[in-house]
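Okay, structure first, notes after.
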Amino acid sequence: MLVLSRKEGEKLRLGEEILITVVKVGADKVRLGIQAPSNLLILRDELDVHEIADVEQEERITLVFTQEVNQPATKPLRIAA
């Protein structure tokens, strides 16, 4: 494990596409900002990856159907599987 010290406003980069910014440091927690591609799933370690993926899939499908029924699509819709 790599352990780094960072102050508020400082950043670190993971690869070419992920940027993590220390937004705020408090007495008992740190706020982080994460810039990453939208297709990258970012979860807190205590969350179950399979449950989140199932919910995300349901939300994507619901969103696509809502757009198709209520608003005519101006461009082809992409369904992420």
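The values are calculated or read from the model by the stated rules, or taken from the named source; none is laboratory data. Predicted model only: the values in this text are computed from it and were never measured. All Cβ positions, glycine included, derive from the backbone under ideal geometry; neighbour counts span all protein chains shown. Surface accessibility is based on the protein's heavy atoms, side chains included, excluding ligands, DNA and RNA. Shrake-Rupley method; radii C 1.70, N 1.55, O 1.52, S 1.80 Å.
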Handout entry: Failed condition for residue 16, given (1) modelled with pLDDT under 85; (2) of a type in the set (Asp, Glu); (3) open to solvent by 90 Å² or more (accessible area, probe 1.4 Å)
Key = (1)
Practice task
Check whether at least one residue in the range 32-45 is more than 11 Å from the chain's Cα centre (by Cα), modelled with pLDDT of 85 or more and open to solvent by 90 Å² or more (accessible area, probe 1.4 Å), and report yes or no.
Solution key: yes
Completion exercise
Contact list, first residue from the range 1-16 and charged (D, E, K, R), second anywhere and open to solvent by 90 Å² or more (accessible area, probe 1.4 Å), beta-carbon distance below 8 Å, six or more apart or interchain, is 8/24
